[in-house]
Amino acid sequence: MSRENKGALKFLAVILVLAVLAATGGAAWLWYGITKPYRGFAAEGVFVDVPRGASQRFVAHLLERNGVVRSALGFEIYARRHPKRTLQAGEYFFDKAVTGRDVFWKVASGEVYVQSFTVREGETMFDIARELEAGKFMPAGDFLYAASDPALIRDFSPGAQTLEGFLFPATYELPRHPAASELTAQMVHKFKEEWKRIAVAPTGTPMEQGDRRLMTQLVTLASLVERETPKAEERPLVASVFENRLRKGMRLQCDPTVIYGMERLGKYNGTLTGKDLSFDSLYNTYEHGGLPPGPIGNPGEASLRAAITPAQSNYLYFVANTLGGHFFSATLAEHNTNVMKYRRLLAGEPADPPPAPAPVTHKKKPTGKKHKGKAR
């Protein structure tokens, strides 16, 4: 072999060694980039929004640009090694150094950033809207706009004007900025799930679509019960009072219905006065007979069950007992006595007045004549 050929072979061998070393070094760097924790973002953390339908390459560069992974190429190669796993769309939050491998599995598992939001039993859609805005989820007006569209419950309550009553009280896991229409759909879906579980006709069979009018009335009644008492054990009794009054053609005279009618028009300032009881509203059950035209809040399971199966009682009245519960009575005379109890309790006095003291009797002196005795 000539000297020139030997030199050429030696040069090729050097090039090959260098190429192997470069490839090995590159592979080692990529492996380091995917297996060692990395945080190239600010201490307060970073949100990364992965759009729907984004490719692995796009997501890899998005993560690198936001300082979440060290190497976009390393992340993409690792992702391609798991072809059965899809990177899920959504918003992700990173607040500490993690490996590129951990980032991949977080996104592939769809561990999107969520915050808990609780709708409490009896809250109105106005309450929910205010709390969503206070929690910086969305403007109150956005939620009220979505909740004012009853399309989601047309199959259940054809005459409904809004979604009030069907935004089921529960804890929901929400992204930072949920869409109002998606949130109301989630709440209504939860209501329908719970209704199927708890709503049965008096015969014990599930209620059918033919019972839609009754179903709507029950939800409305349940919303009144929910707003009248916080005590679950009292709710069947409160429902029985309303049922008994409806049966006798008596007006319900339910303060929360007046408040709701005023709130719908932005007229409620937090205090209900005697003058307000004549407020012009179809929801005013002092002025109008029967149930109001729709629910006045969003009842929970206990109130729905109470409306479906009220207690058996002859009660027609109830008044607060200042302990979160109520005094119940069957006659107006009993009710007036209970109202006096309530007023005494508010004044810090016992519910029942102390018994009147027994009258004092004086002994009569003897009236017989005295006889003089003999002197001794």
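Here are a few things to note about the model shown:
- Selected residue [assigned by TED's automatic domain parsing to the domain that holds Ala307 and at pLDDT 95 or above] from Ala129, Ala160, Ala199: Ala129
- The one condition in (1) part of a loop (DSSP other than H, G, I, E, B); (2) at pLDDT below 95 that Gln217 fails to fulfil: (1)
- Pro295 vs. criteria within 23 Å of Phe327 (Cα to Cα) and modelled with pLDDT of 95 or more: no
- Any chance Arg264 is modelled with pLDDT of 95 or more and among the charged types (D, E, K, R): no
- Which numbered condition Thr322 fails, given (1) in contact with a strand residue (DSSP E or B) (Cβ under 9 Å, 6 or more places away or on another chain); (2) at pLDDT below 90; (3) of a type in the set (Val, Ile, Thr): (1)
- The set of residues from segment 302-323 being farther than 25 Å from Leu246 by Cα and either part of a strand (DSSP E or B) or not β-branched (Val, Ile, Thr) (or both) comprises just one member, Leu323.
- Count - residues of segment 65-101 that are in a helix (DSSP H, G or I) and touching a residue at least 24 places away in the same chain (Cβ under 8 Å): 9
- Some residue of segment 111-118 being in the same structural domain as Pro292 (by TED's automatic domain parsing), touching a residue at least 12 places away in the same chain (Cβ under 8 Å) and within 26 Å of Leu265 (Cα to Cα): no
- Flag if Ala311 is loosely packed, with under 15 Cβ neighbours inside 10 Å, over 24 Å from the mean Cα position of the chain (by Cα) and of a type in the set (A, V, I, L, M, F, W, C): no
- Test: Asp95 is modelled with pLDDT of 90 or more, loosely packed, with under 15 Cβ neighbours inside 10 Å and of a type outside the set (Val, Ile, Thr): yes
- The numbered conditions (1) of a type outside the set (A, V, I, L, M); (2) at pLDDT 90 or above; (3) assigned to a helix (DSSP H, G or I) are all true for Gly26 except (2).
- Selected residue (criterion: surrounded by the most Cβ atoms within 10 Å (Cβ to Cβ)) from residues of segment 288-308 that are among the small types (Gly, Ala, Ser) and within 19 Å of Gly249 (Cβ to Cβ): Gly290
- Against the test of being surrounded by fewer than 17 Cβ atoms within 10 Å (Cβ to Cβ), hydroxyl-bearing (Ser, Thr, Tyr) and not assigned by TED's automatic domain parsing to the domain that holds Ala330, the options Thr273, Thr257, Thr285 yield a single qualifying residue, Thr273.
- Among the residues making up segment 32-53, those that are touching a helix residue (DSSP H, G or I) at 6+ places or on another chain (Cβ under 8 Å) and surrounded by 16 or more Cβ atoms within 10 Å (Cβ to Cβ) are Gly33, Ile34, Tyr38, Val48, Val50.
- Hits in segment 102-121 - residues which are of a type in the set (A, V, I, L, M) and not in a loop (DSSP other than H, G, I, E, B): Val103, Val107, Ala108
- Top-ranked residue in segment 269-286 [being in a loop (DSSP other than H, G, I, E, B), without any contact (Cβ under 8 Å) to a residue 24 or more places away in the chain and not small (Gly, Ala, Ser); ranked as farthest from Lys248 (Cα to Cα)]: Asn269
- Flag set for Ala60, criterion: part of a helix (DSSP H, G or I) and modelled with pLDDT of 85 or more.
The values are calculated or read from the model by the stated rules, or taken from the named source; none is laboratory data. All of these numbers come straight from a predicted model, not from anything done at the bench. Don't worry about glycine lacking a Cβ; one is built from the backbone with ideal geometry, like all the others, and counts go over all protein chains shown.
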